[in-house]
Amino acid sequence: MGIIAVALCAIPAGPPWLWVLSILSLFLGAISLVWQSFTWWQDRRVRILIRQVGTSVTDTARQIPNVGTVYTVDVAIVNQSPRTPAVVCGLLLKPPWEDNTFNLLPDPRESYPSGEIYVVGGNVERYPRQDVINHRVYEEGRLEVGGVIRGTLLARGPAPIPRSYCNGVSVEFTVSVRDQNNRWHKAQVELKLLPGDKLQHPPRVSR
């Protein structure tokens, strides 16, 4: 009520048309202020695009004896914000079925400061750290405007692929990225399912 009273006091006395012009001027000024605030917010909003950049050869969910199910998918994370740098603060890969034991592999440097290889299942498969993006969070996950993080998301879980899925079928998984404002950005990716030990390509190893 106080704001309305101040606005009414700003309207000069005089002919009715002058009142109309004054009210219209106040109304347009309010719209301009709202639009400027919205534009400022839009310019500084973090926008992250997630794109699948792998193929049916690289992007798979494979059951490996005595290891479990290994999931690999190649993605690119792009900062599409107009002006604001983005910071990746969290990464998730979610299968279309329930699996509470499913997790991204931890950074090898958490165990060994000089660790440069992601190891799956007691050295069954080895992935160079420079090719994996599991650890690209916080300081290593900073993206300037237009910046890109590209590499492999690597996960493992002891649970097998559900029997309801046929060998060789491609299904949608969800990749999620959390930014510095605790907002999640999501995208659907396709992984080829290879139950059992039917591996169709050799693991990537360091040289």
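The values are calculated or read from the model by the stated rules, or taken from the named source; none is laboratory data. Remember, predicted model here, so these are calculated numbers, not experimental data. As a convention, Cβ positions derive from the backbone with ideal geometry for all residues, glycine included, and neighbour counts pool all protein chains shown.
For the range 147-172, how many residues meet the condition of being more than 18 Å from S56 (Cα to Cα) and modelled with pLDDT of 95 or more?
3
Filter the range 144-198 down to the residues that are of a type in the set (V, I, T) and assigned to a loop (DSSP other than H, G, I, E, B) and list them by number.
Of everything in the range 144-198, those that are of a type in the set (V, I, T) and assigned to a loop (DSSP other than H, G, I, E, B) turn out to be V145, I161, V169.
Look at Q63 and say whether it is closer than 28 Å to Y165 by Cα, modelled with pLDDT of 95 or more and either within 18 Å of the chain's Cα centre (by Cα) or surrounded by 18 or more Cβ atoms within 10 Å (Cβ to Cβ) (or both).
No.
What residue, of V175, V137, V171, is among the hydrophobic types (A, V, I, L, M, F, W, C) and buried (at least 20 other Cβ atoms within 10 Å of the Cβ)?
Every option except V175 fails the conditions.
Restricting to the range 139-173, count the residues that are more than 14 Å from L191 (Cβ to Cβ) and in contact with a strand residue (DSSP E or B) (Cβ under 9 Å, 6 or more places away or on another chain).
Total satisfying the criteria: 16.
Considering only residues that are among the hydrophobic types (A, V, I, L, M, F, W, C), touching an Asp or Glu at 6+ places or on another chain (Cβ under 7 Å) and over 12 Å from G151 (Cβ atoms), which ones fall in the range 49-69? Please lay out each step first, then the result.
Step one: of the range 49-69, the residues among the hydrophobic types (A, V, I, L, M, F, W, C) are 49-50, 53, 57, 61, 64, 67.
Then drop every residue that is not touching an Asp or Glu at 6+ places or on another chain (Cβ under 7 Å), which leaves 53, 64.
Result: I64, single match.
Going by what's in this entry, would P85 be described as surrounded by 16 or more Cβ atoms within 10 Å (Cβ to Cβ), in contact with a strand residue (DSSP E or B) (Cβ under 7 Å, 6 or more places away or on another chain) and not charged (D, E, K, R)?
So P85 fails the test.
What are the residues in the range 117-138 that are of a type in the set (D, E, K, R), at pLDDT below 95 and more than 24 Å from E190 (Cβ to Cβ), if any?
Going residue by residue through the range 117-138, those that are of a type in the set (D, E, K, R) are 125-126, 129, 131, 136.
Then drop every residue that is not at pLDDT below 95, which leaves 125-126.
If the condition is that a residue be of a type in the set (D, E, K, R), at pLDDT below 95 and more than 24 Å from E190 (Cβ to Cβ), then R126 is the only one that fits.
State all residues of the range 137-174 that are among the basic types (K, R) and under 13 Å from D74 (Cβ atoms); if no residue qualifies, say none.
Within the range 137-174, R150 is the sole residue that qualifies.
Filter the range 88-134 down to the residues that are charged (D, E, K, R) and in contact with a helix residue (DSSP H, G or I) (Cβ under 7 Å, 6 or more places away or on another chain), then identify the one that is surrounded by the most Cβ atoms within 10 Å (Cβ to Cβ). Break it down stepwise before answering.
Of the range 88-134, the ones charged (D, E, K, R) are 94, 98-99, 107, 109-110, 116, 125-126, 129, 131.
Subsequent filtering for residues that are in contact with a helix residue (DSSP H, G or I) (Cβ under 7 Å, 6 or more places away or on another chain) retains 116, 129.
Working: E116: 11, R129: 17.
Checking each candidate, the answer is R129.
Would you tally the residues in the range 147-166 being of a type outside the set (D, E, K, R) and within 15 Å of the chain's Cα centre (by Cα)?
The number of residues fulfilling the criteria is 7.
State which residue pairs qualify: first residue of a type in the set (A, V, I, L, M, F, W, C) and inside the range 139-164, second residue exposed (fewer than 15 other Cβ atoms within 10 Å of the Cβ) and not in a strand (DSSP E or B) in any location, beta carbons under 8 Å apart, and separation of 6 or more residues or different chains.
L143/P85; V145/P82; V145/R83; V145/P85; A159/T101
Which condition from (1) farther than 21 Å from L49 by Cα; (2) in a loop (DSSP other than H, G, I, E, B) is the one that R109 breaks?
Unmet condition: (2).
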